[in-house]
Amino acid sequence: MNRRTFNHLGFRSLAASLLASGAIAQVHSAEAASLKSTNTRLASSQAAPPEITVYRDPTCGCCHQWVNYLKGQGFHVTDIVRSDMTAIKQQYGIPADLTSCHTAIVEGYVVEGHVPATDIQRLVTERPNIKGIAVPGMPVGSPGMELGDRQDTFTVVAFGPDKKTTIFNRYEAEQE
């Protein structure tokens, strides 16, 4: 089975604090954690699942898959189908180079594209001083973009109102 590794500075401290609080009974090493099992553990550890509003195009199948993925992770999803997605992205100030096929709003933050549930959970837990997070494009293997065992490397990018970006998280495809 193809597995992803997490490579961001805050993951280990987040995992340690969740362990200390008893929120997670077992955490595998960050290098060996799979995206799917980690998302399931974190979603099940939340007392009140986040409410998220997703704007998506009616003709996009992967957007619908991402909505179903979020529901499976315990999110309460309001699914709004719109044909004017460019206007939505402009309304929420998403930099053009970070756009994907759908846009979501959760607790005042913008979530653009196929962002994993763990990163959304981290966003609303840590509440950083940013506008939102994005997975630019449509990387294969990201939530909603599954294609068999293929999983491409992808980055979750944080962006501010000034459109400056930083790496929020990075998922590496495991080499076989």
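Any read-out appearing in this document is the output of simple, stated calculations on the displayed coordinates, not a laboratory observation. Keep in mind the model is a prediction, meaning the values are calculated, not measured. Methodologically, a virtual Cβ is constructed for each residue, glycine included, from the backbone with ideal geometry; neighbour enumeration extends over all protein chains shown.
Per-residue 3J(HN,Hα) values for the stretch 120-137, derived from phi via the Karplus relation 6.51 cos²θ - 1.76 cosθ + 1.60 with θ = phi - 60°, read 5, 4, 4, 4, 6, 7, 7, 6, x, 7, 9, 7, x, 10, 8, 10, x, x Hz in sequence order (x marks Gly and Pro).
Would you work out the charge dipole size for the stretch 59-138 about its Cα centre, treating the Cβ of every Lys and Arg as +1 and the Cβ of every Asp and Glu as -1, and quote it to the nearest 20 debye? Could the numbers behind the result be given before it?
On the way: 6 positive and 7 negative charges, 14 e Å.
Computed charge dipole of the stretch 59-138: roughly 60 debye.
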